[in-house]
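Novice: Starting off with a structure, shown below.
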Amino acid sequence: MLLTDLPVEDFKQARVIIEWYRSRWEIETYFRVLKGGCQIESNRFRTEQRMLNCIAIYMIIGWRLHSITTRARRLPEAPCTSAYSEKEWRMIWMMRDKTTPPNEPPSMREITRMLAGLGGFLGRKGDGEPGVKTVWQGYTKLLHYIEAAEALNGLK
């Protein structure tokens, strides 16, 4: 049973409300990424404009992390290049597998599990698919790895 204060007079209206409610969990997950992953509430701004700029950037980051996690579940066999740049997936492969990446990009599921592994996902038999938290933790490490690699290339 779903309680609502919206008028429901037929099956079609009931389906619309049920679909809205089903989206609630995705919205909750998105805001958990903003609060936990981006730590949006820990920022202290001196001006409203700075706060709005930061929120705009964090909303894009939060959407991307949520999108990667969702896409890996819904389209597991799709090539990872649908969500990751070549630099990203190759760095994930090298840091997680400690080998040279393959020429062909792996699947969304495989590279997302590897990314989540950087964030603490163990990938044991009964673990299921990684959640957005281990994906954001892995993505944070990935950004540091890419930055370090670019700095090392700049030294050469």
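The values are calculated or read from the model by the stated rules, or taken from the named source; none is laboratory data. Please read all numbers here as calculations on a predicted model, not as lab measurements. Here the Cβ positions follow ideal geometry from the backbone for every residue, glycine too, while neighbour counts run over all protein chains shown. We work out accessible area using only protein heavy atoms, side chains counted, and drop any ligands, DNA or RNA first. Shrake-Rupley method; radii C 1.70, N 1.55, O 1.52, S 1.80 Å.
Novice: Taking every pair of distinct Cα atoms and averaging 1/r, then inverting, what Kirkwood hydrodynamic radius in Å comes out for the stretch 1-45?
Specialist: Details: mean 1/r = 0.0782 Å⁻¹.
This gives a value of 12.8 Å.
Novice: How many percent of all Cα-Cα pairs in the stretch 28-76 sit more than 12 Å apart?
Specialist: Percentage above 12 Å: 63.
Novice: Mean Kyte-Doolittle hydropathy of -0.5 or higher plus an axial Cα length of 20 Å or more: which whole DSSP H helices in the chain meet both? If you can, show how the numbers build up before the last one.
Specialist: On the way: long enough: 11-32 (32 Å, -0.76); 48-74 (38 Å, -0.04); 132-155 (34 Å, 0.12).
Helices meeting the span and hydropathy rule in the chain are 48-74, 132-155.
Novice: Mean separation of Cα pairs under 8 Å and 6+ residues apart, divided by the residue count of the chain: what relative contact order is that in percent?
Specialist: It comes to 19 percent, rounded to a whole number.
Novice: Related question: Over the chain, average the accessible area per residue using a 1.4 Å probe and give it in Å², no decimals.
Specialist: Using a 1.4 Å probe on heavy atoms only, each residue of the chain averages 71 Å².
Novice: Binning at 5 angstrom from zero up to the longest distance, how are the C-alpha pair distances of the stretch 85-156 distributed in percent?
Specialist: 3, 17, 27, 24, 17, 8, 3, 1, 0
Novice: Moving to a separate point now. Sort largest first and round to whole Å: the equivalent ellipsoid semi-axes of the chain, each the square root of five times a Cα gyration tensor eigenvalue.
Specialist: 34, 23, 13
Novice: Considering the Cα trace of the stretch 34-113, what is its radius of gyration and what is Dmax, both in angstroms?
Specialist: 16.0, 48
Novice: Remind me, relative contact order of the stretch 91-156 in percent, using alpha carbon pairs under 8 angstrom and six or more residues apart?
Specialist: That works out to 29 percent.
Novice: Which of the trypsin sites (Lys or Arg not before Pro) found in the stretch 1-98 are loop residues per DSSP with 11 or fewer other Cβ atoms within 10 Å of their Cβ?
Specialist: Passing sites in the stretch 1-98 are Arg44, Arg46, Lys98.
Novice: Only four residue types carry charge here, +1 at the Cβ of Lys and Arg and -1 at the Cβ of Asp and Glu. Report the dipole size of the chain about the Cα centre in Debye, rounded to the nearest 20.
Specialist: Here the size comes out at about 440 debye.
Novice: Determine the calculated [θ] at 222 nm for the chain from helices alone, applying -39500 (n - 2.57) to every DSSP H run no shorter than 4 residues and normalising by the residue count; nearest 500 deg cm²/dmol.
Specialist: So the helix-based figure for the chain works out to -21000 deg cm²/dmol.
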